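All remarks here apply to the structure that follows.
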Amino acid sequence: MSASSSASLQNQEKHLAATTALRWVRDGMTLGLGSGSTAALFIRELGERVRAGLRIQATATSQASEDLAREVGIPLLEPRRGLRFDLTVDGADELDAQLCLIKGGGGALLREKVLATASDYLLIVADSSKAVAQLGHFPLPLEVVPFALPWVLDAVAALGGAPVVRADKQKAGELAKSDQGNLLVDCHFEVITTPVELARQLQSIPGVVEQGLFLGLARAAVVAQGGQAWVWRA
Ligand code: 5RP
């Protein structure tokens, strides 16, 4: 298969996963909106339903998703104490059969984890390339306070994670920044055999604001493969 037809198949799968996720949405819900291209397709579909009369409110996991939600007419809520989400729909970079995830490929892992944790139900939307037998081939993202970077890199290397500071794809020669102004470090573990232990070790490094392992958070996933949308449940 050529690269362009494989990208087009992947886009079709993303679209199918995003539209299938609309089945979880009910009138009156408060929603968390994920980040990345699959979540963006969901936001666009949701906007169409809102314009057709669906009443929902939402908070987004990134500035890009917030801008898109505003553009398509979704009413937005600011973070506040006591705010909970009935449902958050988000993408993933990798997911396994237990619905353990790697997230943060788009750099939004901190806000994504905040909303996932404040949600009664986290639904993942993914194309088939994201489903893996074991996590770790996709480099695990960390959000890191700039001052702490050298020591975080040392600590990640000691854990066997081959850290790479993420470059800004839009601005040549500059480093990528999260919406919070922090740096992003991609850790190449290749295979993660003990995700719970690794998450604990990474989270305890001073200067690591968040790490991209999402464990025990997702309740279900829509994984699209070809023309079929499979629902995986935790
Ligand atoms: C952003 C994320 C995204 O959900 C993840 O990168 C998947 O993106 P896409 O749907 O574009 O493949 O975690 O931080």
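The values are calculated or read from the model by the stated rules, or taken from the named source; none is laboratory data. What you see is a predicted model, and the numbers here were worked out from it, not measured in a lab. Every residue, glycine as well, gets a Cβ built from its backbone with ideal geometry; the counts of neighbours run over all protein chains shown.
Quick one: how many residues across segment 9-53 are within 16 Å of the ligand (Cβ to nearest atom) and of a type in the set (Phe, Trp, Tyr)?
1
Can you tell me which residues in segment 160-215 are hydrophobic (A, V, I, L, M, F, W, C) and surrounded by fewer than 16 Cβ atoms within 10 Å (Cβ to Cβ)?
Scanning segment 160-215 gives Ala162, Val164, Val165, Ala167, Ala172, Leu175, Val191, Val196, Leu215.
Please determine whether any residue of segment 115-130 is within 23 Å of His15 (Cβ to Cβ), modelled with pLDDT of 95 or more and in contact with a Cys (Cβ under 9 Å, 6 or more places away or on another chain).
Looking for residues that are within 23 Å of His15 (Cβ to Cβ), modelled with pLDDT of 95 or more and in contact with a Cys (Cβ under 9 Å, 6 or more places away or on another chain), one finds none in segment 115-130, hence no.
Any residue in segment 25-36 that is within 30 Å of Val132 (Cα to Cα), charged (D, E, K, R) and at pLDDT 95 or above?
No, segment 25-36 contains no residue that is within 30 Å of Val132 (Cα to Cα), charged (D, E, K, R) and at pLDDT 95 or above.
The conditions are (1) more than 16 Å from the ligand (Cβ to nearest atom); (2) surrounded by fewer than 22 Cβ atoms within 10 Å (Cβ to Cβ), and Ile74 fails exactly one of them. Which is it?
With respect to (1) more than 16 Å from the ligand (Cβ to nearest atom); (2) surrounded by fewer than 22 Cβ atoms within 10 Å (Cβ to Cβ), Ile74 is out only on (2).
Every residue in segment 179-216 that is touching a Ser or Thr at 6+ places or on another chain (Cβ under 7 Å) and not acidic (Asp, Glu), please.
Once the filter is applied, which keeps residues that are touching a Ser or Thr at 6+ places or on another chain (Cβ under 7 Å) and not acidic (Asp, Glu), segment 179-216 yields only Leu184.
Give the residues of segment 99-145 that are part of a loop (DSSP other than H, G, I, E, B) and within 11 Å of the ligand (Cβ to nearest atom), sorted by residue number.
Correct list: Lys103, Gly104, Gly105, Gly106, Gly107, Ala108, Phe138.
Could you pull out the residue among Leu54, Leu9, Leu31, Leu16 that is farther than 27 Å from Gln225 by Cα and aliphatic (A, V, I, L, M)?
Leu54
For segment 89-131, which positions are of a type in the set (A, V, I, L, M) and out of contact with any Asp or Glu (no Cβ under 9 Å at 6 or more places or on another chain)?
Val89, Ala92, Leu95, Ala97, Leu99, Ala118
Considering (1) within 11 Å of the ligand (Cβ to nearest atom); (2) in a strand (DSSP E or B), say which one Ala58 fails and leave the rest.
Only one criterion is unmet by Ala58, namely (1).
Restricted to segment 77-98, and to residues that are under 17 Å from Leu123 (Cβ atoms) and surrounded by fewer than 13 Cβ atoms within 10 Å (Cβ to Cβ), which residue is nearest to the ligand (Cβ to nearest atom)?
In this case the residue turns out to be Ala97.
Table: residues versus (1) crowded, with 17+ Cβ neighbours inside 10 Å; (2) not polar (S, T, N, Q); (3) not in a helix (DSSP H, G or I).
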position: Ser8; (1), (2), (3): no, no, no
position: His15; (1), (2), (3): yes, yes, no
position: Thr20; (1), (2), (3): yes, no, no
position: Arg26; (1), (2), (3): no, yes, yes
position: Gly32; (1), (2), (3): yes, yes, yes
position: Leu68; (1), (2), (3): yes, yes, no
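Please list, ordered by first then second residue, the pairs with beta carbon atoms under 7 Å, 6 or more apart or interchain, first in segment 2-23 and under 15 Å from Arg44 (Cβ atoms), second among the basic types (Lys, Arg).
Leu22/Arg49
So which of Ala157, Ala131, Ala167, Ala176 is of a type in the set (A, V, I, L, M, F, W, C), in contact with a strand residue (DSSP E or B) (Cβ under 7 Å, 6 or more places away or on another chain) and closer than 17 Å to Leu101 by Cβ?
Ala131 is the lone residue from the list that is of a type in the set (A, V, I, L, M, F, W, C), in contact with a strand residue (DSSP E or B) (Cβ under 7 Å, 6 or more places away or on another chain) and closer than 17 Å to Leu101 by Cβ.
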